[in-house]
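Undergrad: Before anything else, here's the structure in question.
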Amino acid sequence: YFIIQAMASALLLFSVIIFYNKSMNPSLSSFSSIFINSALFMKLGAAPFHFWLPEVISGLDWNIIFIIFTWQKIAPSILLSYCMNSTIFISTIIIFSSIISGFQGMNQTCIRKILTYSSINHTGWMISALMLSMKIWLYYFLTYVIINMNIIMILNQYKIYFISHFYKFFNFNKKLKLFYMMNFLSLAGLPPFLGFLPKWFTVYSLVNDKFFVLATVLIITTLMTLYFYLRISFSTLTFYSCESMIYFNKNVNYTYMWLNFLSLSGLIICSMIMN
């Protein structure tokens, strides 16, 4: 992680020097903006600069993973908003992030890697939102933080790292299992959950700004990521394991239930506010 971030920072500083050096060749100055964007995309973990992210995440604790998925995206995203000059290059990165994350996440059984490829896919969506408006990006980012917090808090409490762990820990509490499944559906952007609203805003703005191809690719690749969300959701909801009965008497953490209620009912609340 340190080596990749150091390389990205060095490339960023080198590109900034070239960009602001007026005595340099103008062609080099034009390429420097692409190098700046590439360095920021590497920090964000956007495809095809994502090669480091799955391997780093697979060895980390859930609390650190949450920080990388959320807090670590703020600074590169803000810097990126000031240097989005090449629309074609940025659109290419968005398409790569959407397609590659969908294909590579399909056959994963490790929850950390599944959420990593989910993060790469959402990074593509957030870059699209950032290309349109800072307000849309902020709303998408805050929604992503809320849903991820609900998911990762439960994963951290029960130390769940693989899909098979769901069978052991979740059958003692049907309500918790149902809330958890709904959070994954919200992360996929299905209505009537909160995760649908920022994606709808993004697609609506892309269509208004004539980015028809980009909007179509994002919608189609969302179906690919929906596959591994549904695989987790259905396996969690339908599988019954007798081993989990030893956990039957554990107390329910109502904090999780209220946080999940906020996430799952957010679309209704936002719709009432907007109307």
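The values are calculated or read from the model by the stated rules, or taken from the named source; none is laboratory data. These figures come from a predicted structure and were not determined experimentally. In this analysis, Cβ positions are derived from the backbone assuming ideal geometry, glycine residues included, and neighbour counts consider all displayed protein chains.
Undergrad: Six or more apart or on different chains, Cβ under 7 Å: which pairs go from a residue in region 45-63 that's among the hydroxyl-bearing types (Ser, Thr, Tyr) to one that's not in a helix (DSSP H, G or I)? Could you list them?
TA: Correct list of pairs: 58/110.
Undergrad: Are any of the residues in region 160-175 under 20 Å from residue 92 (Cα atoms), in a helix (DSSP H, G or I) and of a type outside the set (A, V, I, L, M)?
TA: No: region 160-175 contains no residue that is under 20 Å from residue 92 (Cα atoms), in a helix (DSSP H, G or I) and of a type outside the set (A, V, I, L, M).
Undergrad: Considering region 210-226 alone, what residues qualify as being surrounded by 13 or more Cβ atoms within 10 Å (Cβ to Cβ) and not hydrophobic (A, V, I, L, M, F, W, C)?
TA: 216, 221, 222, 225
Undergrad: Being on the phi < 0 side of the Ramachandran plot, surrounded by 20 or more Cβ atoms within 10 Å (Cβ to Cβ) and modelled with pLDDT under 90 is true for just one of 239, 169. Which residue is that?
TA: 169
Undergrad: Mind checking whether some residue in region 202-209 is at pLDDT 80 or above, more than 21 Å from residue 97 (Cβ to Cβ) and more than 19 Å from the chain's Cα centre (by Cα)?
TA: There is at least one residue in region 202-209 that is at pLDDT 80 or above, more than 21 Å from residue 97 (Cβ to Cβ) and more than 19 Å from the chain's Cα centre (by Cα).
Undergrad: Next question. Answer with yes or no whether residue 198 is more than 23 Å from residue 162 (Cβ to Cβ) and modelled with pLDDT under 90. Spell out how you get there, then give the answer.
TA: Working: more than 23 Å from residue 162 (Cβ to Cβ): yes; modelled with pLDDT under 90: no.
So residue 198 fails the test.
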